[in-house]
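Accompanying notes for the structure given below.
Every read-out reported here was derived from the displayed coordinates using simple, explicitly stated rules and does not represent laboratory data. Worth saying up front: this structure is predicted, and the values here are computed from it rather than measured. Please note: Cβ atoms are built from the backbone with ideal geometry, for glycine as well, and neighbour counts cover all protein chains shown.
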Amino acid sequence: MNKNIVSLKHPFLIVLSLVIVALAAIFITRFTAKPLTPALSKPADELFLAPGRGWDSEKKVEAYFINNLHMTPEEANSIRSKPGVDGKIMLRIRERTTLEALLSNLEYYGFVRDKEALRYALEHSADNDTAQGKASPLVIGNNTIATWAYYRISEDMTAWEIADELLNHPTHFSFDQYNYTFMP
């Protein structure tokens, strides 16, 4: 009787082993054949255009200046027209800034028409590797955005121009007392 039980166990173990191997093979071919990050398809060309200051967005950067920098509405609306400012603001990126937060803020405040268009532009623009050797750069595809840096941007820049600014033109700072994202 003991011999029959042993002979029944072996076919069961063999079948179980084959099922496990088959499931492992299916899992490996199904999930490793795909890239970890799916390739972005190119958004429509009009989504790369500069939105302009009149673009309808959730908020404008002037509202940020009023709420966070405690400017008066008059001062917030006129600050970018002062001599030497050239209509641009400073976008400040620190070590805790995430790529998703950066893209969302730029869309929310009307600096880009579509955050996915900016993501595409960032992945498909030349990067002079200005973040090399710097702490905690934001990584997007094979490109990097330096942290502890500010960038001069405006609503009159295309997604491609903003991508170039973020990838290649950081102005580094070593201390950030206020933690503001946008400054005049």
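Round to the nearest 0.05 the FRET efficiency obtained for ALA44 and ARG152 when R0 = 25 Å and r is the Cβ-Cβ distance.
Step by step, r from the Cβ atoms, then E = 0.40.
Using a Gaussian network model on the chain with a 10 Å cutoff between Cα atoms, which of MET71, MET157, MET90 fluctuates the most?
So, out of MET71, MET157, MET90, the one fluctuating most is MET71.
Skipping prolines and chain starts, which residues have an amide H placed within reach, meaning under 5 Å, of the one on ALA149, given they are 5 or more residues away or on another chain?
For ALA149, whose amide H was placed from the backbone, the distant partners under 5 Å are ILE93, PHE173.
What shape does region 112-184 take by its C-alpha gyration tensor, where a ≥ b ≥ c are the square roots of the eigenvalues and a/c under 1.5 counts as rounded, a/b above b/c as prolate, and the rest as oblate?
oblate
Would you please give the residues with an amide H less than 5 Å from that of VAL112, counting only those at least 5 places away or on a separate chain, with H modeled from the backbone geometry?
Under 5 Å from the amide H of VAL112: GLU107.
With θ taken as phi - 60° and the coefficients 6.51, -1.76 and 1.60, list the Karplus ³J(HN,Hα) couplings across region 143-158 in order, rounded to whole Hz; mark glycine and proline as x.
For region 143-158, the Karplus-derived couplings read 9, 9, 10, 5, 9, 6, 8, 10, 9, 8, 9, 8, 6, 8, 9, 6 Hz, x marking Gly and Pro.
In whole Å and largest first, what semi-axes does the C-alpha gyration tensor of region 45-183 yield when each eigenvalue is scaled by 5 and square-rooted?
23, 19, 13
For every helix of n ≥ 4 consecutive DSSP H residues, a contribution of -39,500 (n - 2.57) applies; sum these over the chain, divide by its total residues, and give [θ] at 222 nm rounded to the nearest 500 deg cm²/dmol.
Counting only the DSSP helices, I get -12500 deg cm²/dmol.
With 10 angstrom as the radius, rank LEU23, LEU138, LEU69 by how many other C-beta atoms surround their C-beta, starting from the fewest.
The order, fewest Cβ neighbours first, is LEU23, LEU69, LEU138.
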